[in-house]
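These notes concern the structure reproduced below.
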Amino acid sequence: MNKFWRQTSILIGISAFCIVIPFFLIKTGLINGYVAGILTLAGLNALMALSVNMVCGITGQLSLGQACFEAIGAYSTVLLWQKGIPLPLCMIFGAVSAAFFGFLIGFPTLKLEGDYLAIVTLAFGEITRVVLMNLKSVTNGPYGMKCTTFFTVDFSWGPSLSFVLVIASLILVITGIQNFIRSSYGRAILAVREDEIAANSNGISVFKYKMIGFVIAAFVAGIAGSLYAPIIGYFKPDLASFNNSINDLIFVVLGGMGSVTGSVLAAFVLTSLQEFLRFLGDFRILIYAVLLIVVMLFRPQGLLGMKEFSFIRAFEKIIPFKKEVR
């Protein structure tokens, strides 16, 4: 077996293991609905962490309004679903609509840098939240919207299928981002992140590649929103709030700015930690904040820093393969 097919087989096998085994554990009741819900929510948070990481870690731009694209994806999905359009098509359109709004906000603002871009994205997020709250005839205003689908009605299959859908989407997004980073477009974006002047002097269009990274990040956030709507079943305009954007940014900072696997790991760890500390009541947030401060003091680069965890390298260390002779 050559190197390409060996590595592909390893990745497909690990992906299938991450989906199939938990699916049967949830379906048979060995993992109860509560734990399944936490894992599903962690997967949604991981998608948002990837969105923020695409902007802040890979493209090198500070965005404080990524949650608004998640809200756009969620609302677009439900509004179309209420018109009788099949849910899968609604979810696809929700992600595309988020990418479209990412293009609209990115086109006039990505020429800004640093604090100015952060302020503009923060303002756009608040504008989105206020519009959704006051557009009562369409979005039901501050009362939010419901999306009563198969995932929220059928408890026997809902948790297991919700988990499978979210984790499968997460694996596809991770694969897409990793392949994109290794492409010529991804290398150009990394060059822009490291030094815009040097990249521009080598013929790389700084604005173009910033825009590509920003639109991809908005698309990923739209995927998270289009999954959030039918799986969680209820959401409000606060989904686009500044606090949610900061929570998503925390996942990236803790996991490692620019590390895809680090962001996913941090999302699962922090989401599970919040639920684990729930027995502390009101002190839960205090302990959670102290733990974050401790991590940032002793591990400021995040859990993985700029590094990536490779299942292929880990597997080949356990079962070494002979080098190919050419």
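The values are calculated or read from the model by the stated rules, or taken from the named source; none is laboratory data. For clarity, every value in this text was computed on a predicted model and none was experimentally measured. All Cβ positions, glycine included, derive from the backbone under ideal geometry; neighbour counts span all protein chains shown. Heads up: the accessible areas ignore ligands, DNA and RNA and are worked out on the full protein's heavy atoms, side chains in. Shrake-Rupley method; radii C 1.70, N 1.55, O 1.52, S 1.80 Å.
Summary table below
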read-out: Percent carbon-and-sulfur accessible area, the chain, ignoring ligands, DNA and RNA, probe 1.4 Å; value: 70
read-out: Most fluctuating residue given options F180, F268, F69, as computed from a GNM of the chain linking Cα atoms under 10 Å; value: F180
read-out: Per residue, the convex hull volume that the Cα atoms of the range 51-188 enclose (Å³); value: 126
read-out: Debye equation applied to the C-alpha atoms of the range 272-311, log10 I(q)/I(0) at 0.14, 0.19, 0.20, 0.35 Å⁻¹; value: -0.43, -0.66, -0.69, -1.06
read-out: Residue-wise HN-Hα coupling along the range 22-35, computed from phi with Karplus coefficients 6.51, -1.76, 1.60 (Hz; x: Gly, Pro); value: x, 4, 5, 5, 6, 5, 7, x, 5, 10, 6, x, 5, 5
read-out: Calculated FRET value between V295 and E275, using beta carbons and R₀ = 25 Å, to 0.05; value: 0.85
read-out: Potential lengthening between N32 and L89 on full extension [0.36 nm per residue; Cα-Cα distance subtracted]; value: 17.5 nm
read-out: Exposure rule at most 15 other beta-carbon atoms within 10 Å, DSSP loop GluC sites (Glu not before Pro): the chain longest free segment; value: 114-307
read-out: Listed residues R193, R182, R278, most fluctuating in the chain (Gaussian network, C-alpha, under 10 Å); value: R278
read-out: Structure-based [θ]222 nm, the chain - -39500 (n - 2.57) summed over DSSP H runs of at least 4, per residue, nearest 500; value: -24000 deg cm²/dmol
read-out: Phi to ³J(HN,Hα) by Karplus 6.51 cos²θ - 1.76 cosθ + 1.60 over the range 253-270, Hz, x for Gly, Pro; value: 5, 6, x, x, 5, x, 9, 5, 5, x, 5, 5, 4, 5, 4, 5, 5, 6
read-out: Derived scalar couplings ³J(HN,Hα) [the range 63-68; Karplus, 6.51 cos²θ - 1.76 cosθ + 1.60; whole Hz; x for Gly, Pro]; value: 10, 10, x, 5, 5, 5
read-out: Three-way shape label, the range 1-102, alpha-carbon gyration tensor, a/c 1.5; value: oblate
read-out: GNM result for the chain, Cα springs below 10 Å: residue of K236, K27, K136 fluctuating most strongly; value: K136
